[in-house]
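Trainee: Sharing a structure here in structure tokens format.
The values are calculated or read from the model by the stated rules, or taken from the named source; none is laboratory data. Computed from a predicted structure; not experimentally measured. Cβ sites come from the backbone with ideal geometry, for glycine too, and all protein chains shown count toward neighbours.
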Amino acid sequence: MGRVLLFEPCYQRVLRPGETSHAVRLLEALGDEVTVVGGQCCGQPAYNSGYRDDARAVGREMLRSAREATVAIMPSGSCTTMVKHYLPTLFGGQSREQADDIATRFSELTAYVSAHPQLPGLSFQLAGTVTYHDSCHYRRELRQTDVAIGLIGRIEGLELRRLANEAECCGFGGTFNAKMPAVSSAMVRARVADVHATGAQVVVSADLSCLAQIGAGADGTGVPIETWSMTELLSRALQ
Amino acid sequence: MSGFASRAAFDIRSGMPEASTRPVMRQLAVDTTRMRHRIAEDAEQRATAARADAIAHLEELHATLRARFAERGIGYHLAATPEEAVSIIRGLLGNAKRVAKSKTMVGEEIGLTHALREAGMEVLETDIGEYIVDIEGRGPSHLTAPAIHLNRSQIRTILEEHGEDLPDDDPTRLSLVVRDAVAAFFQDCDAGITGANQVSAASGRIAIVENEGNVSLGASHPRLHISVTGYEKVVRDDAGALAVLEVLASNATAQPLTSFTHFLADPMPGQERHVVFVDNNRSAIAASERYHEALQCIRCGACMNNCPVYRAAGGIAYASPYMGPIGAVVSPLLWPDGRYADLPFASTLCGACTDACPVGIPLHRMLLDLRADSVRDGTTSSRAERAAWRAWRTLFTRPAAARFSTHAARLALKAGHRTVRRPLDGTRTLPAASPVRRPDALIPLDGIEPLAPYVSAIPHDSEGKDLVTLYRTRADAVGVTVADHCDPRPGDVVVEADAGIAETGSVLLTGANAALRTLLGGRRLVIHLHANTLVRWPRGLVTSLGSRNALILTGASRTADIEKNLVRGIHGAEEMLVVLHTTPEHQAENGQVPA
């Protein structure tokens, strides 16, 4: 089938390098030829901190590396939001047009999988219970909540328990969690309590950054919760 | 740590926001979301259009308004700065001694209460929540629920230290104790100061919403009524004001409308009425390409109700009269001297505020722009921070260097895990360097119920109901008794309604029927309403508002200022009886509510 570029979010290499093989396994099952691109960043950390010149310089490199691609995939709602909604606005004139053009080729991984013509041919099975954390960018910028819920629903034997206060942020917020640590911790305590209240011991999300935050909050407060990315869940359920 | 971060950390350590603010805000967000599904499909679009029109034509609308006010005998005043506003109000108050003030955020903005007290006047905050936070001394923590950071036992302590004798902390008792103190003050005061929600340029009327009845008292009892509001709070006409009112209370407090919606016109004989508009950089914001939409705000508070940072930190930490996401946007714009430059960083940019805003303000995008402004102007960034981003840029514009640095960061994280085993601040550990997977984590939970169930929005429930049935349902929901006749009782005040609103359970009183002094004096309010005057939405009242005072009543006066517990019958009648006159031909004319 198609040739796709798979972008590794910069923090993924730090936190969970194993994620990439889950994503490759999933995409190859769909018949795609995958090229992994690492060492790039969308520029969001600097952009969200107000450093737009630095964000533009870094984001430009990412757009350049996708110049020849027809499909570029990011396993993150947050990075995808940056590339599609914000990064192009940092450029003017002809560069803006080029940036817009490249940005339209980017897809968030679950959206790409969900719309893939070969998806109906795959079978997913996993017995157990999970809950789902909707990352803020995935929910409100990309409006993809139904995509994740739909994919989880394809997994035979898996019960999904929706979170109370599903729309509430986990408190990660990029540099926010370092700038306002007490607020960030108070937020994750609430999120961990919501996850715990479902009874599920696995929380799934499309964004690894939220999961790192929830995992740190769960470990720190002694709540037995495992944090799985959507990629890992689908890869493990793949028959 | 910056100002907000350290103040928030302090309040979080006290346990306050986690115990009271968050659960109340979560429930309020659920309730207002349900109401949002119940209002007309185009209501938010119409309100947004009315506000955007006003912001685009501020000078024109103020010129019209000034002429209308002159015809009505209402004083028009425009203050460029908070200091000028205070000085105008002091001049208007003359030798007044006792001033009854109701809720006005612009009053907070210009430091009015403090300034008048400094000048030797006795000022009483007459809104129950404001009365409490005034004694507490830290100011309001929410736009519509000023005392929401306090629980009932803290409020009891505050009132006891103020000299009240209280046997328990029952919210009804606490509310009524404050009510009695306020009512006593109104017996003898020289001036009433209120805010204003929208001022209609075409009709020269001041729209104010309230639940307790203290605005009704302040606008009708003292010989002098001063309304203080923002320069942007003008709207083209009554239709525009009604468009805003259609979305305001539903998004603020999950009410269809507040108990009282005033359209104040000419002062009563012997009474003086003035409106003081405060600019304080609003004309500059209106002219700004990126931030003018911030002036569309109708101060409903939906952004903070839905904000996870506000829920965690509470409103006091913002140290501004405007808190939450809208506060983080307008505070640095109203005071561009840098004192609020850190507030735009008090957000995870989750976008819940933008989604919740009924008038389409792109709040989280404005926060991003304000962050870039503050870095450009050097108001928040340190030299070390700029150097760090510069270094980051050097690494991440070179893929090999970026790969190397992420690899190094991974090694550092693993080393960190070997040295730091406990959570850094009692909550979070370092992020896992590779998650451990337990074989039994996915354990099936057949038959074990979750502790907190997922709540989804409830759809509209009025389709197919005729206006009379709908009116009865909604009136019942706001505590109004609807009957086909009335057995008179002593203490009844009997008035005739000009119209009724089916979707909100409201009645419209105009002219002599809207005389506040009479209405507030009754023990029971009996209102005759003819079914053929029912309209579906507030917008339908535009032809029946008349040109004098008008008042929309939606249930008896009430408060929910203490932990959001509802207490009915604050100022004025506790009981409201609507005698609904229906005739067969009226029912036939009304027909069905269109789907």
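Quick grid of which residues meet (1) at negative phi; (2) in a loop (DSSP other than H, G, I, E, B); (3) more than 7 Å from every other protein chain (Cβ to nearest Cβ); (4) of a type in the set (S, T, N, Q):
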position: B:A408; (1), (2), (3), (4): yes, no, yes, no
position: B:R422; (1), (2), (3), (4): yes, yes, yes, no
position: B:D425; (1), (2), (3), (4): yes, yes, no, no
position: B:P439; (1), (2), (3), (4): yes, yes, yes, no
position: B:I443; (1), (2), (3), (4): yes, yes, no, no
position: B:I448; (1), (2), (3), (4): yes, yes, no, no
position: B:S456; (1), (2), (3), (4): yes, yes, yes, yes
position: B:G464; (1), (2), (3), (4): no, yes, yes, no
position: B:T473; (1), (2), (3), (4): yes, no, yes, yes
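Trainee: Say we look at segment B:30-56 and pick out the residues that are under 13 Å from B:V244 (Cβ atoms) and either touching a strand residue (DSSP E or B) at 6+ places or on another chain (Cβ under 7 Å) or not aliphatic (A, V, I, L, M) (or both); which of these is nearest to the other protein chains (Cβ to nearest Cβ)?
Mentor: Applying the filter and picking the extreme gives B:E44.
Trainee: Keeping to segment B:12-29, report how many residues are more than 9 Å from chain A (Cβ to nearest Cβ) and not hydroxyl-bearing (S, T, Y). Give the steps one after another, and end with the answer.
Mentor: Going through segment B:12-29, the residues more than 9 Å from chain A (Cβ to nearest Cβ) turn out to be B:14-16, B:19-21, B:23-25, B:27-28.
Narrowing the set further to residues that are not hydroxyl-bearing (S, T, Y) leaves B:15-16, B:19, B:23-25, B:27-28.
Matching residues across segment B:12-29 total 8.
Trainee: Another one. Answer with yes or no whether A:L126 is closer than 20 Å to A:S235 by Cα, over 16 Å from the mean Cα position of the chain (by Cα) and at pLDDT 95 or above.
Mentor: Yes, satisfied.
Trainee: For residues that are under 12 Å from A:H133 (Cβ atoms) and free of Cβ contacts under 8 Å to residues at least 40 places away in the same chain, scanning just segment A:191-216, find the one that is surrounded by the most Cβ atoms within 10 Å (Cβ to Cβ).
Mentor: A:V192
Trainee: Same structure, new question: Within segment B:143-160, which residues are within 28 Å of B:M304 (Cβ to Cβ) and in a helix (DSSP H, G or I)? Can you show your working first?
Mentor: Initially, segment B:143-160 is screened for residues within 28 Å of B:M304 (Cβ to Cβ), giving B:143-159.
Scanning segment B:143-160 gives B:R152, B:S153, B:Q154, B:I155, B:R156, B:T157, B:I158, B:L159.
Trainee: In segment A:64-96, how many are β-branched (V, I, T) and crowded, with 20+ Cβ neighbours inside 10 Å? Lay out the reasoning, then the answer.
Mentor: Step one: filter segment A:64-96 for residues β-branched (V, I, T), giving A:70-71, A:73, A:80-81, A:83, A:89.
From the residues that got through so far, the ones that are crowded, with 20+ Cβ neighbours inside 10 Å too are A:73, A:80-81, A:83.
Residues that pass the stated criteria total 4.
Trainee: Checking B:T379 against (1) more than 8 Å from chain A (Cβ to nearest Cβ); (2) at pLDDT 95 or above; (3) part of a loop (DSSP other than H, G, I, E, B), which single condition isn't satisfied?
Mentor: B:T379 satisfies every listed condition except (2).
Trainee: Taking segment B:382-405 as the search range and keeping residues that are polar (S, T, N, Q) and outside any helix (DSSP H, G or I), which one is modelled with the lowest pLDDT? Before the answer, list the steps.
Mentor: Let us first name the residues in segment B:382-405 that are polar (S, T, N, Q), namely B:382, B:394, B:397, B:405.
From the residues that got through so far, the ones that are outside any helix (DSSP H, G or I) too are B:382, B:397.
Values: B:S382: 85, B:T397: 95.
The extreme case among them is B:S382.
Trainee: Would it be correct to say that B:L370 is over 23 Å from A:H85 (Cα atoms) and more than 7 Å from every other protein chain (Cβ to nearest Cβ)? Let's see the steps before the verdict.
Mentor: Values: over 23 Å from A:H85 (Cα atoms): no; more than 7 Å from every other protein chain (Cβ to nearest Cβ): yes.
Taking the combined requirement at face value, the residue does not satisfy it.
Trainee: Pick out the one residue from B:V244, B:V235 that is farther than 22 Å from B:L78 by Cα, modelled with pLDDT of 95 or more and aliphatic (A, V, I, L, M). If you could, list the steps in order and put the result at the bottom.
Mentor: Working: B:V235 fails: farther than 22 Å from B:L78 by Cα.
Of the residues listed, the single one that is farther than 22 Å from B:L78 by Cα, modelled with pLDDT of 95 or more and aliphatic (A, V, I, L, M) is B:V244.
Trainee: Take the residues in segment A:12-42 that are at the interface with chain B (Cβ under 8 Å from one of its Cβ atoms) and out of contact with any Phe, Trp or Tyr (no Cβ under 7 Å at 6 or more places or on another chain), then tell me which one is farthest from A:W228 (Cα to Cα).
Mentor: To start, the set of residues in segment A:12-42 that are at the interface with chain B (Cβ under 8 Å from one of its Cβ atoms) comprises A:13-18, A:38-41.
Then keep just the ones that are out of contact with any Phe, Trp or Tyr (no Cβ under 7 Å at 6 or more places or on another chain); that gives A:13-18, A:38-39.
Values: A:R13: 16, A:V14: 16, A:L15: 12, A:R16: 11, A:P17: 13, A:G18: 12, A:G38: 21, A:G39: 23 Å.
Looking at residues that are at the interface with chain B (Cβ under 8 Å from one of its Cβ atoms) and out of contact with any Phe, Trp or Tyr (no Cβ under 7 Å at 6 or more places or on another chain), I get A:G39.
Trainee: Take segment B:225-271 and flag every residue that is under 24 Å from B:A499 (Cα atoms) and of a type in the set (G, A, S).
Mentor: Result: B:A239, B:G240, B:A241, B:A243, B:A249, B:S250, B:A254, B:S259, B:A265.
Trainee: Oh, and also: So B:T354 ticks every box in (1) in contact (Cβ under 8 Å) with a residue 60 or more places away in the chain; (2) within 10 Å of chain A (Cβ to nearest Cβ) but one. Which box is left unticked?
Mentor: Every listed condition holds for B:T354 apart from (1).
Trainee: Next question. From the list A:A218, A:A186, A:A193, pick out the single residue that is over 19 Å from the mean Cα position of the chain (by Cα), facing chain B (nearest Cβ under 7 Å) and of a type outside the set (D, E). Before you say what the answer is, go through the steps one by one.
Mentor: On the way: A:A218 fails: facing chain B (nearest Cβ under 7 Å); A:A193 fails: facing chain B (nearest Cβ under 7 Å).
A:A186 is the lone residue from the list that is over 19 Å from the mean Cα position of the chain (by Cα), facing chain B (nearest Cβ under 7 Å) and of a type outside the set (D, E).
Trainee: With respect to the numbered conditions (1) touching a residue at least 12 places away in the same chain (Cβ under 8 Å); (2) within 14 Å of chain B (Cβ to nearest Cβ); (3) buried (at least 24 other Cβ atoms within 10 Å of the Cβ), which one is the sole condition not fulfilled by A:E61?
Mentor: It fails just one condition, (3).
Trainee: For segment B:170-196, give me each residue that is part of a loop (DSSP other than H, G, I, E, B) and over 18 Å from B:P267 (Cα atoms). Give the derivation first.
Mentor: Just the residues of segment B:170-196 that are part of a loop (DSSP other than H, G, I, E, B), to begin with: B:170, B:187-190, B:195-196.
Residues satisfying the conditions are B:D170, B:Q187, B:D188.
Trainee: Follow-up question, since we're still on this one. Output the residues belonging to segment A:148-197 that are within 25 Å of A:T110 (Cα to Cα) and of a type in the set (D, E, K, R).
Mentor: Answer for segment A:148-197, where residues must be within 25 Å of A:T110 (Cα to Cα) and of a type in the set (D, E, K, R): A:R154, A:E156, A:E159, A:R161, A:R162, A:E166, A:E168, A:R191, A:D194.
Trainee: How about segment B:84-122: which of its residues are closer than 20 Å to B:V182 by Cα and surrounded by 23 or more Cβ atoms within 10 Å (Cβ to Cβ)?
Mentor: B:V99, B:A100, B:K101, B:S102, B:K103, B:T104, B:G107, B:L112
Trainee: Moving on to the next point. Would you check which residues across segment B:158-172 are over 15 Å from B:D134 (Cα atoms) and buried (at least 17 other Cβ atoms within 10 Å of the Cβ) and list them?
Mentor: Answer for segment B:158-172, where residues must be over 15 Å from B:D134 (Cα atoms) and buried (at least 17 other Cβ atoms within 10 Å of the Cβ): B:D169, B:P171.
Trainee: Please note which helices (runs of 4 or more DSSP H) are completely contained in segment B:1-101 and include at least 3 residues that are more than 28 Å from B:V228 (Cβ to Cβ). Even if it seems obvious, please write down each step before you answer.
Mentor: Numbers: elements: B:3-13, B:22-38, B:43-56, B:58-72, B:82-93.
The helices (runs of 4 or more DSSP H) meeting that bar are B:3-13, B:22-38.
Trainee: In the set B:E575, B:E503, which member is more than 24 Å from B:H221 (Cβ to Cβ) and among the acidic types (D, E)? I'd like the intermediate steps shown before the answer.
Mentor: On the way: B:E575 fails: more than 24 Å from B:H221 (Cβ to Cβ).
That would be B:E503, the only listed residue that is more than 24 Å from B:H221 (Cβ to Cβ) and among the acidic types (D, E).
Trainee: Hey, another quick one. With respect to the numbered conditions (1) surrounded by fewer than 22 Cβ atoms within 10 Å (Cβ to Cβ); (2) in a helix (DSSP H, G or I); (3) within 12 Å of chain B (Cβ to nearest Cβ), which one is the sole condition not fulfilled by A:H137?
Mentor: Against the list (1) surrounded by fewer than 22 Cβ atoms within 10 Å (Cβ to Cβ); (2) in a helix (DSSP H, G or I); (3) within 12 Å of chain B (Cβ to nearest Cβ), A:H137 comes up short only on (1).
Trainee: Please work out if B:A531 is free of Cβ contacts under 8 Å to residues at least 60 places away in the same chain and out of contact with any Pro (no Cβ under 8 Å at 6 or more places or on another chain). Talk me through it step by step, then tell me what you get.
Mentor: Values: free of Cβ contacts under 8 Å to residues at least 60 places away in the same chain: no; out of contact with any Pro (no Cβ under 8 Å at 6 or more places or on another chain): yes.
Against the criterion (free of Cβ contacts under 8 Å to residues at least 60 places away in the same chain and out of contact with any Pro (no Cβ under 8 Å at 6 or more places or on another chain)), B:A531 does not qualify.
Trainee: Same structure again: Would you pick out the residues in segment A:188-223 that are hydroxyl-bearing (S, T, Y) and closer than 21 Å to B:A433 by Cβ?
Mentor: Within segment A:188-223, the subset hydroxyl-bearing (S, T, Y) is A:198, A:205, A:209, A:221.
Residues satisfying the conditions are A:S205, A:S209, A:T221.
Trainee: Can you go through B:G500, B:G522, B:G540, B:G464 and tell me which one is over 27 Å from the mean Cα position of the chain (by Cα), of a type outside the set (K, R) and more than 13 Å from B:L577 (Cα to Cα)? Reasoning before the result, please.
Mentor: Working: B:G500 fails: over 27 Å from the mean Cα position of the chain (by Cα); B:G522 fails: more than 13 Å from B:L577 (Cα to Cα); B:G540 fails: over 27 Å from the mean Cα position of the chain (by Cα).
Matching residue, one of B:G500, B:G522, B:G540, B:G464: B:G464.
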